[in-house]
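Shown next, in structure tokens, is the structure this report addresses.
The values are calculated or read from the model by the stated rules, or taken from the named source; none is laboratory data. These numbers come from a predicted model, not from an experiment. Don't worry about glycine lacking a Cβ; one is built from the backbone with ideal geometry, like all the others, and counts go over all protein chains shown. Please note that ligands, DNA and RNA were not included when accessible areas were found on the heavy atoms of the full protein model with its side chains. Shrake-Rupley method; radii C 1.70, N 1.55, O 1.52, S 1.80 Å.
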Amino acid sequence: MMAGEAEDVRVLFGAAVRAALDAWPALQIAVENGFGGVHSQEKAEWLGGAVEDYFIANADLELEEVEDFLGELMTNEFDTVVEDGSLPQVSQQLQTMFHHFQKGDGAALQEMTSQINQKKCKVTATALKTAKETDVAEEDVDSVEEMEVKEVTATNDGATADGVCPQPQPSDPDPQTIKEEDIVEDGWTIVRRKK
């Protein structure tokens, strides 16, 4: 492989790494909600370069090492512990990209980047307000605070509507299941199992 080709493949590898990280819902949510502070977006951009450099500096990484590295970066930079099962998937994807880079297979890197961009889901966390039961006496309304609930939704950016990014159906609590004694003083709600 000639020097110019190697540089081109390195650029393709970097683009593929950034595409994989940009499509990672855990990172998307951390950036969108500012878990990394006011510079969350800059940290996410830096993360792509850091991961690329990590692979270049360590040619024969094991999957667990990649997982540990990504997990550590998410914890240190975004105060986020990734427990959704996506860490092994993203690590495997990055490792596959690196193997293509080592072989000089720019076409495979372009194909992976293209597939990621087609399937990429935009994940957003939105705040929903749920009101207290409607049959509460008016004088009790002042003592009851509204509860804020985070709902995570995925929207499909560019892919066909063939179920690539299924939309979660919001589930509103049944007003009869939330009783006044279940809402404690600090605003938390006690959730009980149906009998």
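Results, tabulated for the structure shown:
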quantity	calculated
Flag for Val9 being hydrophobic (A, V, I, L, M, F, W, C), modelled with pLDDT under 95 and within 22 Å of Gln118 (Cα to Cα)	yes
Options Thr113, Thr96: the member that is of a type in the set (Ser, Thr, Tyr), open to solvent by 20 Å² or more (accessible area, probe 1.4 Å) and modelled with pLDDT of 95 or more	Thr96
Residue in region 30-48 that is in contact with a strand residue (DSSP E or B) (Cβ under 7 Å, 6 or more places away or on another chain) and surrounded by 13 or more Cβ atoms within 10 Å (Cβ to Cβ) present	yes
Residue in region 13-24 that is open to solvent by 20 Å² or more (accessible area, probe 1.4 Å), among the aliphatic types (A, V, I, L, M) and farther than 18 Å from Asn117 by Cβ present	no
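To keep it simple, each residue is scored yes or no on (1) modelled with pLDDT of 95 or more; (2) in contact with a Phe, Trp or Tyr (Cβ under 9 Å, 6 or more places away or on another chain); (3) open to solvent by 90 Å² or more (accessible area, probe 1.4 Å); (4) at positive phi.
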position	(1), (2), (3), (4)
Asp79	no, yes, yes, yes
Gly85	no, no, no, yes
Gly104	no, no, no, yes
Ala125	no, no, no, no
Glu139	no, no, yes, no
Val144	no, no, no, no
Met147	no, yes, no, no
Val152	no, no, no, no
